[in-house]
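Taking it in order: structure first as structure tokens, then the write-up.
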Amino acid sequence: MSEFLSRNTRAIRRGAGFALITAFAAATFIAVPVTFDGSDLSSATALAGKGNGKDNGRGGGQGRGGGNGKGNGKANQASSATGPTKARLPGSLNAANAAPRALDRANPRSRVGALGAYMDAMADYVDAVARDDLEAQEAALDAAAAALADAANKDIEIDAGVVDSLNRALDGKRDGFDHTGEPGDPIHEAESEIADRINPPPS
């Protein structure tokens, strides 16, 4: 009987101790509530936003820079492919922008063929200047002026400026026809003379 009471007493004590611990833990949880600081979330959100904004800003800048680089690269390639800007010449004289082969193969009686005759006459003039042959110079200038008059439309007023633009367009397209446009260049210095022979100044 005493042994039975002793076992029950120990069981009650264990149960009472467990209940006491449980009650104490519950009271502690209630007495000390868990707090959630909203500022922490705000700070975390701000940092995340700052990081994303920074990365996105860099990404956007790099994207635009890359696009401009590609665009400039393509633009530069296109400029190289098209070559130098063509001269703006009036009427039929615009044929001076044709390729050298087209000028060589043109019918001598056509306006384009007349431009070929003009270049040949001016090449003869350069040769005559080098030989200091005044008679040959005059003959070459007459032939050049006549060929240029045949190449141009009748309503075109040919002056020294038109002849200069024409010579720039024809530069290097025939052997002996090299127009530098600098002092001492025979073709450049004869431009006014050619224009005056086509359109004589009033006396």
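Read-outs throughout are calculated quantities, based only on the coordinates presented, and are distinct from any laboratory measurement. Remember, it's a predicted structure, so these values are computed and weren't measured experimentally. Note that we place each Cβ from the backbone using ideal geometry, even for glycine, and neighbour counts take in every protein chain shown.
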Complete set of residues in segment 148-169 that are in contact with a Gly (Cβ under 8 Å, 6 or more places away or on another chain) and aliphatic (A, V, I, L, M)
Ala152, Ile156
Where in segment 88-203 are the helices (runs of 4 or more DSSP H), entirely inside, with at least 1 residues that are buried (at least 19 other Cβ atoms within 10 Å of the Cβ), polar (S, T, N, Q) and in contact with a His (Cβ under 7 Å, 6 or more places away or on another chain)?
160-170
Which members of segment 147-174 meet the condition of being in contact (Cβ under 8 Å) with a residue 40 or more places away in the chain and within 11 Å of Ala121 (Cβ to Cβ)?
Leu148, Arg174
